[in-house]
Structures are given as C-alpha cells and as structure tokens.
1. Per the Kirkwood treatment, what hydrodynamic radius in Å, one decimal, follows for segment 1-77 from the mean inverse distance over all distinct Cα pairs?
2. Given R₀ = 51 Å, what would the calculated FRET efficiency be for Glu113 paired with Ala18, taking r from the Cβ atoms and rounding to 0.05?
3. Name the residues of segment 81-107 whose amide N is less than 11 Å from a point 7 angstrom out from the Cα of Leu283 along the C-beta direction?
4. May I ask you to give the percent of accessible area on the chain that is carbon plus sulfur, with a probe radius of 1.4 Å?
5. Evaluate the Kirkwood expression for the hydrodynamic radius of segment 175-252, namely the inverse of the mean inverse distance over all pairs of different C-alpha atoms, and round to one decimal in Å.
6. May I ask you to give the solvent-accessible area per residue for segment 142-277, in square angstrom, as obtained with a 1.4 angstrom probe?
7. Any chance you could count the Lys pairs in the chain whose alpha carbons are under 14 Å apart, treating pairs 8 or more apart or on different chains as valid?
8. Using the eigenvalues of the Cα gyration tensor, what equivalent ellipsoid semi-axes result for segment 208-297 when each is taken as the square root of five times the eigenvalue, whole Å, largest first?
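The values are calculated or read from the model by the stated rules, or taken from the named source; none is laboratory data. Because the structure is predicted, anything quoted here is derived from the model rather than measured. Note that we place each Cβ from the backbone using ideal geometry, even for glycine, and neighbour counts take in every protein chain shown. The accessibility values were calculated without ligands, DNA or RNA, using every heavy atom of the protein model including side chains. Shrake-Rupley method; radii C 1.70, N 1.55, O 1.52, S 1.80 Å.
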Amino acid sequence: MKNKSIASGFGIGVIIMAIAAVVALPIRTMQFFTVLEGESGFYREADWSVYLLYGVLALSIVAILVYGIFSRKRLYYSLEVSKRPGMGVISMAAALGVLLDAAFCITSVMKIEEISSGLSTANYVEGMTQGDGVILTAEAVFAVFTSIYLVVLGFSYLSGKTNGSEYRLISLAPVIWSIFRLVYRFKRTISFVRVSDLLFEMIMICFMIMFFFAFAQVNSRVGGKGNEWKIAAYGIPAALLALVCFIPRFIVTITGNAQLLYSYSAAEYCDFGVALFIISAVLTRVTDKLPEAKNEE
C-alpha cells in the first residue's frame, strides 16, 4: 500500500489554492456591495479590500507556479485505465456548463443580427458589432466540441475501459474555445486594469489555455513527456480565478442584486464546471512519479 501525505502529488499547491479561496471569495463578494460600481465594474475607491484581494491572489498564484516548477521532476500524470466515477460525473457537469456558454453565444449572435436588421433594440448587446458576432459564433462552435470532448472523457472515466487518450484531435477543442473567449474580451474598448472582473477573466482564461494545452499533450500522449507539472501549475491558478469569478457573482445574482454586476460579466457556469474538472484532474491524476518512470529517465 502506498503511503500518501499532503506533500505527495500536488497537494501543497491545492492547499495554497484552498487557503487563498477562503480569503478571497468573501472579500470579492463584499466588494460588489461596497466598492464596485454596478454596470461599469469600476472601483469607487481603492480601500483595504482591494489591496488585500490582489495581494492574496498574486502571492498564491506565484507560490503555486514556483511550487510547480520545483516539483516538475517529481510529478507524474497517471494514465492508468480504471474507473473514476467522481471525475466522470464532474466531466459531465463541466460539459453542461460549457454547453450553456455555447447557448449564450448563440443567443447573443441572434440579438446582434436582430439589431443590425432593425428588428430589435435590446440593451444588453448594445455596442456589439458584426465582428463580435463572428467571434461569438466561433466560440459557440468550439464550445460544442469542448462539451463533446468532456462528455466522452466522462464516459471513459465512468466505464473504466479507457483513459481517454484516443481522443487526440478533439482534445484541442477546449484550447481553441478558450482562445476565442479571450479574443472576445480583448475587443472590449475599456480599461482591462480598472475593470477588475475583466482583468480576472482574462488572466483566468490565459491559465485555462495553458492548462488545456498541457492536458491535451499529456492525456493524448503527444509530446507530453516532461509537461505533467504544467497540468497542476497552470490548472490550479485557473481554478482559483474561476472560483473567484463565479461564486461571488452567483451569490450576488441569487440574492436579487444582479444590478451590482458588471454588465458584461455575469456568473458563467462554464467557469465553475471547468474549475471542478481541473481540481479533480489534479487531485486524482497528478501523483508522484512511479519508480519505473524514474528508471526510464
């Protein structure tokens, strides 16, 4: 029987994320009711909570990255074929969240078309152009492919008959989906620094791109040797920022205060689903290197 401890796998990195989340989530939720302007997303003032939130997130992300770099020769990604029901269910849930993103994109594109043809004057897509419609269409298409990939991965984990490494081509769909999400946010003519929601989203998506690319390489066995540590080192910061982006907004929404949110940054269920998928992948698949793997090197 293998002895497991907090230091095995990427346990310390996950603990750093958990501590940062415990501190950051209440602060971020409070900010919506105190220092953030509704609709615009600007800070009314930079009080103690702003500096504390940025400090906690910056220090934790740097610590996770440094820990990942120093652990890169120790970490291993398990491709053992076995039943993983927990990760299978989480993969399905993540697929549903990504599919909801596709539905939102399609709805937004339809509204843009209605406005351009003079059939509608909907306010929530005011300022969007045909170029935005093209980007959102591409995002929707690759969101569907990403959902399919997560579903087949989920079935693989539930059945225990495969590790999902055979889905090589479609494994790049989450990377491309995330790239279009980032491009859409880059097109907004507003300060990325002053609107904290937008800043968090862009950093989060950058880490998601790096995580999904490393995951595709390692899980598909295509140039993944030596990249196992990236799954954890890039994935855990992405999960932390995804939780910070989703949970406070979700709380603000269900309490009937949606008007306090930045107009372009609603609670996106895909962020929460992807965060759970990343955490489950790191906790169940990223381990210490097996003796035979060390001997091969």
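1. Every distinct Cα pair counted, the radius reaches 14.6 Å.
2. 0.70
3. From segment 81-107, the list is 86-87.
4. After summing per-atom areas, the C and S share lands at 69 percent.
5. Result for segment 175-252 stands at 13.4 Å.
6. 37 Å²
7. Value for the chain: 9.
8. After scaling each eigenvalue by five and taking roots: 35, 12, 8 Å.
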